[in-house]
Amino acid sequence: MRSSRSWKAQTRTAAIPNRDAYGLVYAPSGRDAQIALSLLEEAGTKAKAVADLTSLISNLGDDVSFVVVTEEALRSANLRAISDWIEKQPSWSDLPFIVLTSRGGGPERNPAAARLSEVLGNVSFVERPFHTTTFISVARSALRGRRRQYEARLRMEALNEGERRLQTALEAGRLGAWEFDLASSVLTTSTTCKAIFGRAAAEPFTYTDLLSAIHPDDQERMQAAVHATIETGSDYSIEYRTIWRDGSIHWAEIRAQLYKDSRGTAVKLVGVSADITARMQAEEDQRRLNDVLEQRVTERTRELQEAHANVMVEVSQRERAEEQLRQSQKMEAIGQLTGGVAHDFNNLLMAVMGNLEMLERHVGDDSRAKRLIDGALEGARRGASLTQRLLAFSRRQDLKIEPVALPGLVRGMEDMLRRSVGSAIQIETELPEGLPAVSADANQVELALLNLAVNARDAMPDGGTIKIQLKQSGAAVESEHLTAGSYVVLSVADQGHGMDEETLKKAIEPFYSTKELGKGTGLGLSMIHGLALQLKGRLKLNSIVGIGTTAELWIPVSPMTAVKASPERKPDTHLDGATGPKRILLVDDDILIAMSSVDMLMDLGHDVVEAHSGEEALECLRNGPTVDLMITDYSMPGMNGGDLVKAARAISPTLPVLIASGYAELPPGLDLNVARLGKPYTQSQLASEIAKVLNAATD
């Protein structure tokens, strides 16, 4: 009895996933049922007795932790019903049975008792008369096994929920998932993937069907890319044309990775697909527009030359002006296109990152699920970084211009630069003291320096030295590129293969890259060029084939002295005082983005009222409960975020407002005096901005 009390204490303190679980006792003869219930109660385990086999079967369920039954109660009974129930258990469940046998009638000497193992499956035998410690030990083992089954159920449910959220994220990004088994050539596709190739959800779509749907001119290139991935293990990335059954031509972008088994054997390709028809059509329209502009400029130039063949200087000046105008129009058109793409992509990333961030909180100790979520988040963050480059190129990104001390900035980046370029590359710096501060955005200058260092590393595949130098220089007179004044020049020089004159002319053009396909976006130098123009400076490139390249970023000297910034403190999502919990009105016309934002806000402890249009939000403010803060998207059909803020303040003049936008900056002239949150944002960024807005409202 002492050992049973000890086990009773352990059972009460154990963390049982299903606290409502109980045992069943079916012992219709003698005092077996009474004794078993008494022992289980003393051990702290809930149990109840049933009178007959029908009652036993009707009480079986997920909440039953184990069953105690006597051998004679089952010996002559029809066990078909209980056998059927056991067969239909969920995959996680294997209900334990404890069978009480008669003296001398253990399973080794009693074939009839042994046959119960075949029917009941998970069986433990206890030979009567039994000692209290023996019975409790067997019951304890059954409980421990059932507890592991409950834990397995929880993990399976979490994985199923993770798969559902991942599918939601893929659908939000309009991405089709697929797998290709290399051994059997079996292609498995999602509904979205089939739709990208013009197929209905219920239609079969084999690898042969896929090949037949690819434009004949692109099939050889596609198959060569597949073979290259299988042979080298490199990521699969390709764009090609598809022909739908109605004869229409579309474009698809396919990305995948090679999956190998534990022995390193290639097993399958796993990837996603996207319909990029609209993007390719937009690029084609842009090319046509450029051709028209070029033709018009050419015609106008010819007319001027014919009309003014004799004062040549004037013609030359006009030609240069028109060429600059053409380039300006071309860059402006591309800037508008990239800015719009970045805005839409930021919205998609908001849904993806928000859902993944919330999902990460619920996977528990499942390392594989965490690894998958971390990989997806890393990919989404890379997408967000790419949109920042697009916005910088289109000049739609906010610049925080302030005095910046470049020597300290470069020193602070040395460790990161060395990790980025690898051990085969040496970095030398020449950072003289006493240089004046420059007028710049420190974050953007850091990004530009990192891009230049990575470009230099890629130009030296066999290793070499990168030299980073700072010097002060001046532009004596106003030139085509620089205004007269004083500048600090940040230069990055490599010993790489260099560029010829023709390549050097194209180096800063957007999407132009000398790197292999898939290893460069072509936005690095164009982004730095755009930054230099925004800072009223210049990016200058000098290169000699076989000798190396030097990139110089000229930045104007600031009239003020740089102030050393205090270390940035990670936002605290803990709710206290002015920050919560609060009732927040969230307004966003995109259901997926609204869903992820509501989840993040509720996870922070706030009470959320959700609206999907400006009109719906105003109705909530007029007739709903009082809210402490309104968070609204800016780009909404009908009534945009700016119009909503004006109308809302007519109802509640002191209502704090936070505007979220996928654009890096709001339209000019929008004088609303509201805080702004850029998409995509994390939960910590959201909590930090809410705290700032609410604290400002209470001051």
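Read-outs: derived from the displayed coordinates by stated rules, not from any lab. Computed from a prediction, not measured in an experiment: that's the story for all the values here. Cβ: placed from backbone, ideal geometry, glycine included. Neighbour counts: every protein chain shown.
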| message | So, R0 is 30 Å and r is the distance between the beta-carbons of Arg381 and Ala696; what FRET efficiency does that work out to, to 0.05? | response | 0.55
| Under 19 Å from the 7 Å Cα→Cβ point of Thr133, by amide nitrogen: which residues of region 30-64? | 39-40, 42-44
| At a Förster distance of 51 Å, what's the computed FRET efficiency of Gln472 paired with Glu294, Cβ-Cβ distance as r, to 0.05? | 0.80
| note | Checked against a 28 Å limit on the C-alpha separation, the offending pairs among Lys370/Lys467; Lys194/Lys260; Lys400/Lys679; Lys88/Lys370; Lys46/Lys370 are Lys370/Lys467; Lys88/Lys370; Lys46/Lys370
| query | What is the gain in length, in nm to one decimal, between Gln286 and Trp92 on full extension, counting 0.36 nm per residue of separation less the C-alpha to C-alpha distance? | reply | 64.1 nm
| What is the spin-label model distance, in nm, from Arg31 to Leu541 if the labels are put 7 Å beyond Cα along the C-beta direction? | 9.6
| note | Scalar couplings 3J(HN,Hα) for region 433-447 by Karplus 6.51 cos²θ - 1.76 cosθ + 1.60 (θ = phi - 60°), nearest whole Hz, x for Gly and Pro, are 7, x, 5, x, 6, 10, 8, 7, 9, 4, 4, 6, 5, 4, 4
| message | Please compute the modelled spin-label separation between Arg255 and Leu533, points set 7 Å along Cα→Cβ, answer in nm with one decimal. | response | 2.7
| Mind listing which chymotrypsin sites (Phe, Trp or Tyr not before Pro) in region 241-289 are in a DSSP loop and have 16 or fewer other Cβ atoms within 10 Å? | Trp244
| request: Mind sorting Thr682, Thr550 by how few other Cβ atoms lie within 10 Å of their own Cβ, fewest first? | output: Thr682, Thr550
| Which value in nm describes the separation of the simple spin-label points at Ser613 and Leu182, placed 7 Å from the Cα toward the beta carbon? | 5.3
| task | Once you have the Cα-Cα distance between Glu428 and Glu118, take 0.36 nm times their residue separation minus that, and quote the gain in nm to one decimal. | result | 104.0 nm
| said: Could you work out how much longer the chain between Thr626 and Asp500 gets when fully extended? Use 0.36 nm per residue separation minus the Cα distance between them, nm to one decimal. | reply: 38.7 nm
| request: Among Asp415, Asp590, Asp246, rank each residue by its count of other Cβ atoms within 10 Å, from fewest to most, as a rough exposure measure. | output: Asp246, Asp415, Asp590
| For region 577-698, rounded, prolate or oblate, judged on the Cα gyration tensor with a ≥ b ≥ c (square roots of eigenvalues), a/c < 1.5 rounded, else prolate if a/b > b/c? | rounded
| field | Under 5 Å, built H, 5+ apart or other chain: amide partners of Asp607 | value | Lys582, Arg583, Ile584
| remark: If Thr265, Thr192 are placed from fewest to most neighbouring beta carbons inside 10 Å, the sequence is Thr265, Thr192
